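The values are calculated or read from the model by the stated rules, or taken from the named source; none is laboratory data. This is a predicted model, so every value here is computed, not measured. Neighbour counts are summed over all protein chains in view; Cβ atoms, including those assigned to glycine, are modelled from backbone coordinates with ideal geometry. Heads up: the accessible areas ignore ligands, DNA and RNA and are worked out on the full protein's heavy atoms, side chains in. Shrake-Rupley method; radii C 1.70, N 1.55, O 1.52, S 1.80 Å.
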Amino acid sequence: MKHLLPAASLALSALMPLAGEAAEPVKLDIQAVGTGPTGPVIARQIYGQFAEHLGSGVYGGLWVGPDSPIPNVRGWRSDVVGALKALQVPVVRWPGGCFADEYHWRDGIGPQANRPPRVNTSWGGVIEPNTVGTHEFMDLAEQLGTEVYINANLGSGTVQEMAQWLEYLTAEGDTALARERRANGRDKPWKIQYWGIGNESWGCGGNMKPSYYAEQYRQWSTFAKAPRGNRPKLVASGGQELALDWVETLSAEIKGRMDAITHHQYSLPTRDWKKKGAAIGFPEAEWISTLAVPQTIDGYLNKHREILDRNDPAKKVAIYFDEWGSWYDPEPGTDPGFLVQRNTLRDAMLAALHFHVFHRHADRVKMANIAQMVNVLQAMVITDQDRMVLTPTYHVFAMHRPFMDATSLPVQLAGVPDYTLGQYSIPALSVSAARSVDGKLLLSLANTQPNQPLPLQIAVGGKGVRAVTGQLLTATTMDAENRFETPDRVKPQPFKAEAKNGQLALKLPAKSVLVLEVQP
Ligand code: AHR
């Protein structure tokens, strides 16, 4: 946890190299500006969220009920909704996860007093009161101004149940389900952008084989009907980690019936589900092992693309990376079924590295949903009663807002050193460049080395740049975090640098993420 740079030296300048630091600057050249070729558009949904009925991810963290002394709008807490609104959350996936495959939508409509309590068998065996149901979630989505991705229950539900949920949500005419919706307080149909059929069907969603799921999906997708103009994109539940059999089978057997296949990958420092590694106080070996995961994802996304390019050359089927993020040992003293973990600078770094991978594969990866939005796993915000704190992950999402819907640009790099420790070796620098929707030239940089700053020279199309301005996220230790008492320990700082003698040289601090607007 040593840090070689005093905080004051975080303002970048042409300093002398420190011990162990690369003397030669990395040369970074943003390509294809002006009339040159560009990369794909980075779908804003890559910055999507996931809110499951799990621990205090919904109850307590987002929902406090309309009668709570905690300020709220129709039950949704104002502080958390305000913070999330500032992130411009593009899409929220709900109600699970594993929970989705045991959720019965009729339990969550109608008068609160009539809603049946059930056991949340996936997460802690606690009572699911069904206080938050369809109307409440759709209200949250409207308060956030976000798209919705509803995950239907294939695992333990019926085709009829799913078909009727979608009809209840979207029916326009005078049908029995539309009347029921109106009687429950919603006149107009809602817009539903994405409709998932099952979740992790290889595991908690039913322990199916891909060929069996594909058969099921063919039937279920037939009845996922909605009025013209309000048909959600249909999402098939895919595989996880390195498995390729799901994408192979689904893209061969159900193409034409789906808009996307999902994929899940969590980042465990140890790769061992029984002992994943600590969220704080971890050794450097677990810093690098965690940050090595996005590189693996990059590798197998390439393999997924090979399969998809063969089975779906017209690129009609997207990959939705609808669960990703760090997963550590649970916070001591908490219910292990609630997946409570602390969130540090390492998590912010990890998120930035994921963004870069998703940007690189943006022609296929059209959505990604970090797990999860509030209080669960790699959360944006953490709450305790009426208190709320923004995590380092929140800040890195905020810094990357300009990348939503931006057009990615290739970057030529020379002289990037490797950062190596034990069995892991990753590039010391991760980069993504893009042209924002309002025409700005954006550059996101991450120095993965915990102790070495990285000197850089930035050019655009081979020419020097005038200046850069932006925001820098770093801290003095790898496991620096924001607590309720110290909410600003890890927070973006304004950053700027100017060219000297026609050359813009800067020094990227150790363990930092820097998002810049580049002025050529
Ligand atoms: O995000 C927590 C859980 O991880 C989800 O419910 C499940 O889909 C995955 O295994």
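Please work out if Val148 is more than 15 Å from the ligand (Cβ to nearest atom) and either under 22 Å from Trp324 (Cα atoms) or basic (Lys, Arg) (or both). Criteria met by Val148. Taking the conditions (1) in a loop (DSSP other than H, G, I, E, B); (2) away from the ligand (no atom under 16 Å from the Cβ) in turn, Lys85 satisfies each one other than (1).
As a summary of the residue check, Ala368 satisfies the conditions (1) aliphatic (A, V, I, L, M); (2) touching a Phe, Trp or Tyr at 6+ places or on another chain (Cβ under 8 Å); (3) more than 25 Å from Ile150 (Cβ to Cβ) except for the one numbered (3).
Every condition in (1) in a helix (DSSP H, G or I); (2) under 21 Å from Phe50 (Cα atoms); (3) of a type in the set (A, V, I, L, M, F, W, C) is met by Ile261 except one, and the failing one is (1). Taking region 404-510 as the region of interest, the strands (runs of 3 or more DSSP E) fully inside it that hold 3 or more residues being free of Cβ contacts under 8 Å to residues at least 40 places away in the same chain are 493-498. Screening region 50-80 for residues that are open to solvent by 10 Å² or more (accessible area, probe 1.4 Å) and not in a loop (DSSP other than H, G, I, E, B) and picking the one that is nearest to His395 (Cα to Cα) gives Asp79.
Within region 381-397, one or more residues are open to solvent by less than 10 Å² (accessible area, probe 1.4 Å) and farther than 23 Å from Tyr266 by Cα.
Within region 202-215, being in a helix (DSSP H, G or I), open to solvent by less than 40 Å² (accessible area, probe 1.4 Å) and either over 12 Å from Asp245 (Cβ atoms) or out of contact with any helix residue (DSSP H, G or I) (no Cβ under 7 Å at 6 or more places or on another chain) (or both) holds for one residue alone: Tyr213.
Among the residues that make up region 57-79, is at least one of them within 14 Å of the chain's Cα centre (by Cα) and either away from the ligand (no atom under 16 Å from the Cβ) or within 19 Å of Thr134 (Cα to Cα) (or both)? Show your work before the answer.
Going residue by residue through region 57-79, those that are within 14 Å of the chain's Cα centre (by Cα) are none.
No, the conditions are met nowhere in region 57-79.
Just the residues that are open to solvent by 60 Å² or more (accessible area, probe 1.4 Å), at pLDDT 95 or above and among the small types (Gly, Ala, Ser), please, taken from region 220-244. Those that are open to solvent by 60 Å² or more (accessible area, probe 1.4 Å), at pLDDT 95 or above and among the small types (Gly, Ala, Ser): none in region 220-244. Tallying residues that are open to solvent by less than 20 Å² (accessible area, probe 1.4 Å), assigned to a strand (DSSP E or B) and within 15 Å of the ligand (Cβ to nearest atom) within region 88-135 yields 5. Within region 46-69, the residues that satisfy the criterion of being out of contact with any Ser or Thr (no Cβ under 9 Å at 6 or more places or on another chain) and not aliphatic (A, V, I, L, M) are Tyr47, Phe50, Gly57, Pro66, Asp67, Ser68, Pro69. Screening Gly206 with (1) more than 21 Å from Ile319 (Cβ to Cβ); (2) more than 16 Å from the ligand (Cβ to nearest atom) gives one miss only, at (2). Scoring Asp259 on the criteria (1) closer than 30 Å to Thr222 by Cβ; (2) at pLDDT 95 or above; (3) within 21 Å of the chain's Cα centre (by Cα); (4) surrounded by 20 or more Cβ atoms within 10 Å (Cβ to Cβ) leaves a single failure, condition (4).
Is it the case that Thr290 is of a type in the set (Ser, Thr, Tyr), surrounded by fewer than 21 Cβ atoms within 10 Å (Cβ to Cβ) and part of a helix (DSSP H, G or I)?
No.
Pairs are defined by a Cβ separation below 9 Å, a sequence spacing of at least 6 or placement on different chains, a first member in region 41-52 that is within 16 Å of the ligand (Cβ to nearest atom), and a second member that is of a type in the set (Ser, Thr, Tyr) and open to solvent by 10 Å² or more (accessible area, probe 1.4 Å); the pairs so defined are Gly48/Thr146; Gln49/Thr146; Glu52/Ser122. Within region 464-520, the set of residues being of a type in the set (D, E, K, R), under 20 Å from His356 (Cβ atoms) and open to solvent by 20 Å² or more (accessible area, probe 1.4 Å) comprises Glu517 only.
Candidates in region 183-201 are the residues that are touching a residue at least 12 places away in the same chain (Cβ under 8 Å) and surrounded by fewer than 21 Cβ atoms within 10 Å (Cβ to Cβ); of these, the one that is nearest to the ligand (Cβ to nearest atom) is Gln193.
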